[in-house]
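Trainee: Please see the structure below; I have some questions.
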Amino acid sequence: MTDDGRPLMKRLPGEVRRGPTVTLTVDGREVEAYLGETIATALLAAGVVAFRSGDRRSDTRAPYCGMGVCFECTVSIEGGSRVRACMTPVRPGLSVRTAAPESA
């Protein structure tokens with residue numbers, strides 16, 4: 001988030017063709033997304049910038065490559081399965097859990 005509370009990442013405004021709006025739950029919070037978007041897109045547009053903690057330090061991780069190679073964007077969905085958020089499409093009612101610290 002910026003200092004005035006706006007998300008750092010935004011969706012393109014104007015005449016952009018998108019799928020229908022869906023709602024997913026991220027760490028207990030409802031987030032709006034569009035069918036056809038990835039989990040990473042929905043999270044970034046909602047202002048979520050930390051997807052998980054680092055492996056060796058208490059730093060946070062977020063999407064880096066955007067094409068599924070780096071695994072920096074892994075999140076847990078529904079039954080605890082770990083997926084790459086940049087490669088996994090949203091779907092209605094999806095429950096997503098990040099592993100980022102509360103302070104991020």
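Trainee: What nm distance separates the two modelled labels at residue 78 and residue 97, each placed 7 Å from Cα along Cα→Cβ?
Mentor: Here the answer is 1.5 nm between the modelled labels.
Trainee: Which cross-chain or sequence-distant (5 or more) residues have an amide H under 5 Å from the amide H of residue 60, H modelled 1.01 Å from N in plane?
Mentor: Result for residue 60 returns 54.
Trainee: Further question on the same structure: Computed on alpha carbon atoms, what radius of gyration and Dmax characterise the stretch 21-97, expressed in Å?
Mentor: Rg, Dmax (Cα atoms, Å): 11.6, 38.
Quick note: the coordinates plus some simple rules give every number you see, no bench work behind them. Everything numeric in this text was worked out from a predicted model, so none of it was measured. Neighbour counts are summed over all protein chains in view; Cβ atoms, including those assigned to glycine, are modelled from backbone coordinates with ideal geometry.
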